Amino acid sequence: MLAKTNCNTATLSPYSNPLGKKDVLHLYRRAGFGLSYNNIQNQTGKSAAQLATEIVTEAINLATTDAPEWATWDNTFYPEEDGEIKRGHINEWKNTYVNQLRVNNLRDRLSFFWHNHFVTELKEYNCPSYLYGYFNLLQLHAIGNFKTFVHDIGIDYAMLTYLNGDRSGKGNPNENYARELYELFTMGEGIGYTEEDIKETARALTGYTNRNEGCGEIIFNPDAFDDTTKTIFGQTGAWGYSHIIDILFEQRPNEVANFICGKLYEFFVNPLQIPEITQELANTFIANDFELAPVLIQLFSSEHFFDEEARGVIIKSHYDVFLNFVNESGFSINDDLLMSGVNICGMIGQEIFNPVDVAGWQRDRDWIGPNTMIGRWKMLEFYLNDAFGMDEEQFANFAMDIAGGPGNTDPEDITRQIIDWFLPLGLHTPEDYNICIDVFKSNVPQNYYDEGNWNLLSSYASTQVFQLLQHLIKQPEFQLK
């Protein structure tokens, strides 16, 4: 399905062409979860630099999600051996967050990205207030200063509990967070650190203690902190947590910048990095004191990002399959339909709040397999059936938006325009297009077309669009973004 090499030779020079519909959709598919046809109309004609800056600025200025009533609750608020209230609060937050994930474009596309980078697993700590605090932090720092982000995530209650930082004391340091700080969160496995650095760092991260078992306040206890000298990256002192973050970014800026910019590139552009591009982004990252916004503006406004070789080269995650289709179709959605999609995503391998392990979902080709493909198809089939049942006219209206109104009476052209709206590279062969045209035209007598008695206001039209989309979601090309 996908090439195993990255053939994109374009540079990070600004993309100079005014943005067309496909350009805008490409940007919103990567920097968000897609956008409806009508909303994209408002963005065409802008320069890449203008739209990239607008998207980044919107993300920076967007307030974090309002705190729920239970945002600071500990276990004293929950009856013993009764998990129903906790489950209700977790489901409430799931509904709230996924609704925002769908519409908040870059800010929550990034918060979801960081959820798979600074991984915690809810099943390991099972605390609604920790869950809220963790996602509040992901939203707060999603497009801020990465050094500050790294500092704050390390002492987040969910993270401390997940990697046993709340059980690490003088004389018995736990190495989990020290290892993941370097290996998964900042530099990459085996890059820039030694096993001795991990051991010494673990000693510097001691002292955090949960005052109550479970969902309690975690405090820093000086008596549990190892205040003796440690040597980390060649620097010796009685280092504590904040010192470690300072030393890391002072002594290993290139390693941190290359690792993070490489992950951003793989997520937003292509699973296969181009070292020269990663290095240029890393230079921007370092020059701007590890602020994320300049890196993303540079990337999203570049020739490299908008090159044809950058399109259709990423396999959609399960959430991409669902949320992109919801947004790009513009069909009706309510909480029940949204949560149905979320639950199916979980059943086929992308359970929100619970990445598979500390390394997160591995993405791209790992999304594709016999069971996951069937699940992805069924998820959208259910959604299409429910949306059609709620308001079948919206299907014909969607086609009229895409194809230029009821005046377009060419079923072949309408079919092609719908296909090319959803598929970044279209279908692979003319025969594939012809099959889709046959699906769209079926159930309508041929003489209706021949005699000019058919258009998108016809009583057949909504069902035709519905049937075409039911066929289209099963095509290999639909899995790409």
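The values are calculated or read from the model by the stated rules, or taken from the named source; none is laboratory data. Bear in mind the structure is a predicted one, so any value in this text is a computation, not a measurement. In this analysis, Cβ positions are derived from the backbone assuming ideal geometry, glycine residues included, and neighbour counts consider all displayed protein chains. Ligands, DNA and RNA are excluded from the accessible area calculation, which covers all protein heavy atoms including side chains. Shrake-Rupley method; radii C 1.70, N 1.55, O 1.52, S 1.80 Å.
List the helices (runs of 4 or more DSSP H) inside the stretch 385-481, counting only whole elements, that have at least 2 residues being among the hydrophobic types (A, V, I, L, M, F, W, C).
Per the criteria, 393-403, 411-422, 430-441, 461-472.
Between a residue in the stretch 162-179 that is among the aliphatic types (A, V, I, L, M) and any residue that is part of a loop (DSSP other than H, G, I, E, B), which pairs come within a Cβ distance under 7 Å, given they are 6 or more apart or on different chains?
Correct list of pairs: Ala178/Leu205.
When the stretch 120-167 is examined, which residues are found to be assigned to a loop (DSSP other than H, G, I, E, B) and at negative phi?
Once the filter is applied, which keeps residues that are assigned to a loop (DSSP other than H, G, I, E, B) and at negative phi, the stretch 120-167 yields Thr120, Glu121, Cys127, Ala142, Ile143, Gly144, Ile155, Asp156, Leu163, Gly165, Asp166.
Being among the small types (Gly, Ala, Ser) and modelled with pLDDT under 95 is the filter; apply it to the stretch 205-264 and report the residue that is surrounded by the most Cβ atoms within 10 Å (Cβ to Cβ).
Here is the first cut: in the stretch 205-264, the residues among the small types (Gly, Ala, Ser) are 207, 214, 216, 224, 234, 237-238, 240, 242, 257, 262.
From the residues that got through so far, the ones that are modelled with pLDDT under 95 too are 214, 216.
Details: Gly214: 13, Gly216: 19.
Filtering first and then ranking leaves Gly216.
Please go through (1) open to solvent by 60 Å² or more (accessible area, probe 1.4 Å); (2) charged (D, E, K, R); (3) part of a helix (DSSP H, G or I); (4) touching a residue at least 12 places away in the same chain (Cβ under 8 Å) for Asp197 and return the number of the only condition it doesn't satisfy.
(1)
All but one of (1) of a type in the set (Asp, Glu); (2) within 15 Å of Gly34 (Cα to Cα); (3) more than 16 Å from the chain's Cα centre (by Cα) hold for Asp320; which doesn't?
Every listed condition holds for Asp320 apart from (3).
Would you mind stating whether Phe382 is touching a residue at least 40 places away in the same chain (Cβ under 8 Å), within 27 Å of Asn334 (Cα to Cα) and either exposed (fewer than 15 other Cβ atoms within 10 Å of the Cβ) or β-branched (Val, Ile, Thr) (or both)?
In short, yes.
Just to check your reading of the model, which residue among Arg30, Arg87, Arg109 is open to solvent by 20 Å² or more (accessible area, probe 1.4 Å), in a helix (DSSP H, G or I), on the phi < 0 side of the Ramachandran plot and not small (Gly, Ala, Ser)?
Arg87
Give the residues of the stretch 168-183 that are outside any loop (DSSP other than H, G, I, E, B) and either open to solvent by less than 40 Å² (accessible area, probe 1.4 Å) or acidic (Asp, Glu) (or both), sorted by residue number.
Once the filter is applied, which keeps residues that are outside any loop (DSSP other than H, G, I, E, B) and either open to solvent by less than 40 Å² (accessible area, probe 1.4 Å) or acidic (Asp, Glu) (or both), the stretch 168-183 yields Gly169, Tyr177, Ala178, Glu180, Leu181, Tyr182, Glu183.
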